[in-house]
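Novice: Quick one: the structure is below, questions incoming.
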Amino acid sequence: MARVALVTGGTRGIGRACSEALKKAGYKVAASYAGNDAAAESFKRETGIPVYKFDVGDFNACKEAVAGIEKEQGPIEVLVNNAGITRDATLHKMTVEQWSAVIRTNLDGIFNMTRLVIEGMRSRNFGRVISISSINGQKGQFGQANYSAAKAGILGFTRAVAQENAAKGITVNAIAPGYIGTEMVRAVPEDVLKTKIIPQIPVGRLGEPEEIGRCVVFLAADDAGFITGSTLTVNGGQYITA
Ligand code: NDP
């Protein structure tokens, strides 16, 4: 029986690439999204992957959604915590709303979703939790105190939860992408990309969403059971850390 994988924010960008890569690898995939119905509908039509609309920052909404997904698809054995947002401002100009929105979606969302699947994974003695952090959680980024804090928080969460669940056949890992050529990054003016961003990347190009999808499939595999608590950096050499 195919394992069930849920990708949060799995209808667009990096999440879409993860959903498609998991489907290609034989998983029964479900993808969630927040509000962009048009993107979710075309994703569903093009991939045949079912979509579920709920806010990862709302515990009760997640609880209801997880119950519904498990009823329709089966127990979630692979959780990809990908949903994320930015609300950039330097700290001296950052509003409480900007801070809270990012922490709520990018960090509370990881707690909500992982908390809701971990008991089932423990009872079945198998699970894969893969959370998408960021290079900016590792090195910090000007104008992103909220985002850098949330993404660094994911790394601590991953290490703690990995230890708690290692004996239960569950691995918990993070992926820290650098600049990936999603719609958002490709919308940056061509000259800014060429003169300011690409020169910081030793590999000399943006990453592709599919390159993150490959990492997710690698960490999700049954034979990746000895990899847990780790952070896989995928940034073209932009920030190299132990
Ligand atoms: P996109 O903005 O392209 O897609 C984000 C996805 O998350 C969408 O499906 C969106 O739903 C969903 N989403 C947003 N907020 C919520 C929420 N509250 N509840 C449920 N779903 C939500 O993002 P990217 O593909 O660029 O980024 C994906 C992840 O990768 C993020 O965690 C991001 O921080 C991280 N990342 C991205 C990098 C990049 O270069 N792009 C680099 C490093 C990390 P909807 O379509 O309905 O809006």
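Taken together, the values in this text are just the output of simple stated rules run on the coordinates, not laboratory data. Source: prediction; values computed, not measured. Because the Cβ atoms are built from the backbone with ideal geometry, glycine has one as well, and the counts that use them run over all protein chains shown.
Novice: Determine the shape class of the range 4-233: with a ≥ b ≥ c the square roots of the Cα gyration tensor eigenvalues, call it rounded for a/c under 1.5, and otherwise prolate if a/b is greater than b/c, oblate otherwise.
Specialist: Rounded, because the longest to shortest axis ratio a/c is under 1.5.
Novice: Quick check on the range 1-69: take the gyration tensor over C-alpha atoms, sort the square-rooted eigenvalues as a ≥ b ≥ c, and tell me if it's rounded (a/c under 1.5), prolate or oblate.
Specialist: It is oblate, given that a/c is not under 1.5 and a/b is not larger than b/c.
Novice: Given labels modelled 7 Å from the Cα in the Cβ direction, how far is it in nm from Val188 to Glu210?
Specialist: Calculated label separation equals 2.2 nm.
Novice: Given only helices, namely DSSP H runs of n ≥ 4 each adding -39500 (n - 2.57), what is the per-residue ellipticity at 222 nm of the chain, to the nearest 500 deg cm²/dmol?
Specialist: Calculated at 222 nm, the ellipticity per residue is -13000 deg cm²/dmol.
Novice: Further question on the same structure: In whole Hz, with x marking every Gly and Pro, tabulate ³J(HN,Hα) for the range 74-81 from phi via Karplus 6.51 cos²θ - 1.76 cosθ + 1.60, θ = phi - 60°.
Specialist: After applying 6.51 cos²θ - 1.76 cosθ + 1.60, I find x, x, 6, 9, 10, 10, 10, 7 Hz.
Novice: Rounded to the nearest 20 debye, what is the charge dipole size of the chain about its Cα centre when +1 sits on each Lys and Arg Cβ and -1 on each Asp and Glu Cβ?
Specialist: Dipole about the Cα centre, nearest 20: 260 debye.
Novice: Another one. Amide H neighbours of Glu208 under 5 Å, at least 5 residues apart or on other chains, H built in the peptide plane: list them.
Specialist: Gly181
Novice: What ranking do 147-160, 223-236 get when scored by the average of other Cβ atoms within 10 Å per residue, highest first?
Specialist: 147-160, 223-236
Novice: Now a separate question. Distance between Cα centroids, the range 1-39 to the range 201-218: provide it in whole Å.
Specialist: Answer, in whole Å: 17.
Novice: Sticking with this structure for a sec: If you put +1 on each Lys and Arg Cβ and -1 on each Asp and Glu Cβ, how big is the dipole of the range 148-224 around its Cα centre, in Debye rounded to 20?
Specialist: 280 debye
Novice: Percent relative contact order of the chain, based on C-alpha pairs within less than 8 angstrom and at least six residues apart? Don't skip to the answer; put the middle values down first.
Specialist: Values: 467 pairs, mean separation 49.7, N = 242.
Reported as a whole number, the value is 21 percent.
Novice: Between Lys139 and Asn36, what's the calculated FRET efficiency when r is the beta-carbon distance and R0 is 35 Å? Round to 0.05. The partial results should precede the final answer.
Specialist: Details: r = 30 Å, r/R0 = 0.84.
Approximately 0.75, to the nearest 0.05.
Novice: Next up: Can you pull out the GluC sites (Glu not before Pro) in the range 136-242 whose DSSP state is coil and whose Cβ has at most 16 other Cβ atoms within 10 Å?
Specialist: Counting only loop positions with at most 16 other Cβ atoms within 10 Å, none of the GluC sites (Glu not before Pro) in the range 136-242 qualifies.
Novice: Moving to a separate point now. Want the number for Ile197 to Lys63: 0.36 nm per residue separation, take away the alpha-carbon distance, what's left?
Specialist: Value of the extension gain: 44.3 nm.
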